[in-house]
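Here is the structure we will look at.
The values are calculated or read from the model by the stated rules, or taken from the named source; none is laboratory data. Since the model is a prediction, treat every value here as computed from it, not as a measurement. Ideal geometry is used to build each Cβ from the backbone, glycine not excepted, and the neighbour counts take in all protein chains shown. Note: accessible area is taken over every heavy atom of the protein model, side chains too, but ligands, DNA and RNA are not part of it. Shrake-Rupley method; radii C 1.70, N 1.55, O 1.52, S 1.80 Å.
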Amino acid sequence: MEQTVMKILETVKDPEIDSISIVDLGMVHSIEMKGGRCTIKLLPTFAGCPALDIIKGNVKKACMAQPGIEEVEVRFVYTPPWTSDRLTPNGREKLKEFGIAPPPEKFTSLEEWEIHCPYCDSHYTSMENLFGPTACRSILYCKECRNPFEAMKPISTTM
Amino acid sequence: MKQYELNTIPDEGYRQALAALLYQLADDDFILAYRGSEWLGLAPHIEEDVAFSSINQDTMGHASMIYELLASLGEGTEDELAHGRTPEERRNAIILEEVNGPGDYLIEPRYDWAFAVVRHYFYTVAKKVRMESLKQSSYGPLAEAAVKINTELYYHLLHWQTWFTQLMNAGGEARKRMEEAVSRVCDDFLGVLTLGPDGESMSRYGLIEEEAILASRWTEALKKPFNSTGVQHPPVARSLRGDGRKGEHTGDLTDALHTLSEVYRLEASATW
């Protein structure tokens, strides 16, 4: 049943990046089924993200449509903290499709954050604003293909 | 040091010291996030508007995480804690409640950007010092929250440090106004660095390190950026207008809470 719920969660998209699911974002921590009761623990990307309540609602709605589930509890937990290396390979591709450069696969904050354009893959890019339209994104410009784009911020516990 | 969880809190003294610390952490973030949000649409340029609102949103999220910890200790619901408490019950430092400048958000806001940069930069440095210490807190849920908050703080610090050094090095009016802001913020910044009447028991219970150690780390962290701007040492933080950790506050807090909790007071039982 947990597997089924995981499949359902793959249909729950980030309300602000509708190409990527909360599973591909690495937000799903655990799924527990007891009788008809399902407890889902999610890891918030950024603590103050206003999409969290919407995600919670969408998760509940999607799960309640599944026969055999009578009650759904969604809890946000901070352990382990969400880090950007939790993104799945599929999630990284989905971000690019949306015009967002994925964060480096591993990031410790000691090395430089090299950002490739999601459209032409050039690394000849410039940071326009470390902060973007949502807490997890930055705004950049590609000097090769001349497209503005966004990048997902690397988040690591070694920062 | 042994680590405790909600259901293994050893005694009432520990619980009290923990609650006192959580109130300070949450109230500091809460009021400064509000002051920051008042800059929306008024920041020096559009990129700053975007960045600053993102930072305020994160900061409010951090306040909310800590209020949640207080709620689990039985101190009230998150909304009550954020909106329902009187100024005397607040434990934020006085410098964080100060208005952004003369005027009102809607009428002639003459906000002071130098003051905003210095206040937010100094505060972010102090918050970073605290979070690093709290990662080793004897209260497990607080240590976990600190790890999470710390990852986001990295970007806040980068942001304010850039503003601080660039404006300080700009010379002319910018430098002059920054120096005035530094001295103004320092006049009351000790309020951020203190842990209040329960400070000693906080460190005795291993909740956070001693106040003096934290304060010296703050000074140390500011030395390099200060030196790079041609100022030898960060000025000494004082506490001229009272101790917010004891519930002493100015009219600025009363006014801010009045505006902030207006909707909540209309219908406290509403969900939103």
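Some observations on this one:
- The residue that is nearest to the other protein chains (Cβ to nearest Cβ), among those in segment A:41-75 that are open to solvent by 40 Å² or more (accessible area, probe 1.4 Å) and among the hydrophobic types (A, V, I, L, M, F, W, C), is A:Ile54.
- Considered as a group, the residues in segment B:155-170 that are among the hydrophobic types (A, V, I, L, M, F, W, C) and more than 10 Å from chain A (Cβ to nearest Cβ) include one that is nearest to B:Tyr23 (Cα to Cα), and that residue is B:Trp160.
- Test: residue in segment A:53-72 that is within 18 Å of the chain's Cα centre (by Cα) and part of a strand (DSSP E or B): no
- Residue in segment B:8-30 that is farther than 25 Å from B:Arg204 by Cβ, aliphatic (A, V, I, L, M), in contact (Cβ under 8 Å) with a residue 60 or more places away in the chain and not in a loop (DSSP other than H, G, I, E, B) present: no
Here's the yes/no breakdown for (1) surrounded by 22 or more Cβ atoms within 10 Å (Cβ to Cβ); (2) closer than 23 Å to B:Thr229 by Cα:
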{"position": "B:Asp112", "(1), (2)": "no, yes"}
{"position": "B:Tyr121", "(1), (2)": "yes, yes"}
{"position": "B:Lys127", "(1), (2)": "yes, yes"}
{"position": "B:Gly191", "(1), (2)": "yes, no"}
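- Inter-residue pairs, beta-carbon under 7 Å, first under 13 Å from B:Val192 (Cβ atoms) and in segment B:214-231, second open to solvent by less than 40 Å² (accessible area, probe 1.4 Å) and not β-branched (Val, Ile, Thr), 6+ apart: B:Leu214/B:Arg130; B:Leu214/B:Ser133; B:Leu214/B:Leu193; B:Ala215/B:Leu193; B:Trp218/B:Ala126; B:Trp218/B:Leu193; B:Thr219/B:Pro234; B:Leu222/B:Pro234
- Residues that are out of contact with any His (no Cβ under 7 Å at 6 or more places or on another chain), small (Gly, Ala, Ser) and under 25 Å from B:Glu48 (Cα atoms), drawn from segment A:74-133: A:Ser84, A:Gly99, A:Ser109, A:Ser126, A:Gly132
- Members of segment B:155-170 found to be over 17 Å from B:Thr219 (Cα atoms) and either of a type in the set (A, V, I, L, M) or open to solvent by 40 Å² or more (accessible area, probe 1.4 Å) (or both), listed by number: B:Leu158, B:Thr162, B:Trp163, B:Gln166, B:Leu167, B:Met168, B:Asn169, B:Ala170
- Considering B:Gly61, B:Gly103, B:Gly74, the condition of being modelled with pLDDT of 95 or more, open to solvent by 10 Å² or more (accessible area, probe 1.4 Å) and not polar (S, T, N, Q) is satisfied by B:Gly74 alone.
- Spans of helices (runs of 4 or more DSSP H) in segment B:171-246 with at least 3 residues more than 27 Å from B:Phe30 (Cβ to Cβ): B:172-193, B:211-228
- Residue selected from segment B:31-61 under the condition in contact (Cβ under 8 Å) with a residue 40 or more places away in the chain, among the charged types (D, E, K, R) and part of a helix (DSSP H, G or I), by the criterion nearest to the other protein chains (Cβ to nearest Cβ): B:Asp58
- Restricting B:Glu144, B:Glu152, B:Glu132, B:Glu173 to residues that are facing chain A (nearest Cβ under 10 Å), open to solvent by 50 Å² or more (accessible area, probe 1.4 Å) and acidic (Asp, Glu) narrows the list to B:Glu144.
- Any chance B:His45 is surrounded by fewer than 19 Cβ atoms within 10 Å (Cβ to Cβ) and not basic (Lys, Arg): yes
- Helices (runs of 4 or more DSSP H) contained entirely in segment B:74-148, each with at least 2 residues that are more than 26 Å from B:Pro44 (Cα to Cα): B:78-83, B:113-134
- So B:Gly196, is it modelled with pLDDT of 95 or more and among the small types (Gly, Ala, Ser): yes
- Neighbours by Cβ (under 9 Å, 6+ apart or cross-chain): first from segment B:62-76, touching a residue at least 24 places away in the same chain (Cβ under 8 Å) and more than 12 Å from chain A (Cβ to nearest Cβ); second basic (Lys, Arg) and outside any loop (DSSP other than H, G, I, E, B): B:Leu73/B:Arg15
- The set of residues from segment A:89-134 being over 23 Å from A:Glu144 (Cα atoms), open to solvent by 20 Å² or more (accessible area, probe 1.4 Å) and either assigned to a helix (DSSP H, G or I) or assigned by the TED database to the domain that holds A:Phe46 (or both) comprises A:Pro89, A:Asn90.
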